[in-house]
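Below: one structure, written as structure tokens.
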Amino acid sequence: MIKEELIARCGRGEPKAQYELYKALYGLMMSVCGRYERNRQDAVARMNQGFLKVLTNIDKRRPEVPFELWVRRIMINTVIDEYRKDSQRKAQETLDVPLDQSALAEVNEYLRHMEADAFAELLNRVPEMSRKVFNLFAIDGYAHAEIAELLGISEGTSKWHVSHARQVLQQAIAQLAGRSLKTELR
């Protein structure tokens, strides 16, 4: 829990307070950015961009909004803004892979019991756009309409990306399960 006194000191531009706030928020900010970016370097870059926005706008925060929640939202928006810039520079990926509905329940059950690091590693196998939509929907709780508006896509495209991400995760889990079974049989 970040103290209001520290927030006020940051609002006055005190470098020591800003550094203290950075250290206090580092884990939260990296966990958000790390879910959206494939490599640590990009996640750190987004985190630093987001933290700069936090410091720049700290006086504009409404006191009734919990500070950590406000920071989390800024981090998510920073990642989305950067994605929009990147997507204007390169073509969007399109894949047409059917979803195997029968194994979806097994995948979801497996994901519930996975450790965060293992899940992050699996999530890196998902194509960039599908990973971002999946994170927004499944992890951050955005509705498809909100995702569509944030990313400039249709609701149907948002649903497709979530479905595609689940399918990629399902295949990755099946591969891991196959390896585990082979290891046990040896």
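For this structure, a couple of remarks:
- Among (1) of a type outside the set (A, V, I, L, M); (2) surrounded by 14 or more Cβ atoms within 10 Å (Cβ to Cβ); (3) modelled with pLDDT of 75 or more; (4) over 17 Å from Ser130 (Cβ atoms) - the single one Tyr83 does not satisfy: (4)
- Pairs meeting the criteria (first residue in the range 116-143 and under 15 Å from Ile173 (Cβ atoms), second residue of a type in the set (A, V, I, L, M, F, W, C) and not in a helix (DSSP H, G or I), beta carbons under 7 Å, at least 6 apart or on different chains) are Phe134/Val126.
Conditions (1) in the same structural domain as Asn135 (by TED's automatic domain parsing); (2) within 23 Å of Leu151 (Cα to Cα); (3) crowded, with 18+ Cβ neighbours inside 10 Å; (4) free of Cβ contacts under 8 Å to residues at least 60 places away in the same chain, marked per residue:
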| site | (1), (2), (3), (4) |
| --- | --- |
| Cys10 | no, no, yes, yes |
| Tyr19 | no, no, no, yes |
| Ala24 | no, no, no, yes |
| Cys33 | no, yes, yes, yes |
| Ala43 | no, yes, yes, yes |
| Thr56 | no, no, no, yes |
| Leu69 | no, yes, no, yes |
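Listed here are the residues, each with its yes/no results for (1) closer than 28 Å to Met129 by Cβ; (2) aromatic (Phe, Trp, Tyr); (3) in a helix (DSSP H, G or I).
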position	(1), (2), (3)
Ile2	no, no, no
Lys16	no, no, yes
Glu20	no, no, yes
Gly27	yes, no, yes
Cys33	yes, no, yes
Asp42	yes, no, yes
Lys53	yes, no, yes
Glu64	no, no, no
Leu69	yes, no, yes
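The values are calculated or read from the model by the stated rules, or taken from the named source; none is laboratory data. These numbers come from a predicted model, not from an experiment. So basically every Cβ, Gly included, is an ideal-geometry build from the backbone, and we count neighbours across all protein chains shown.
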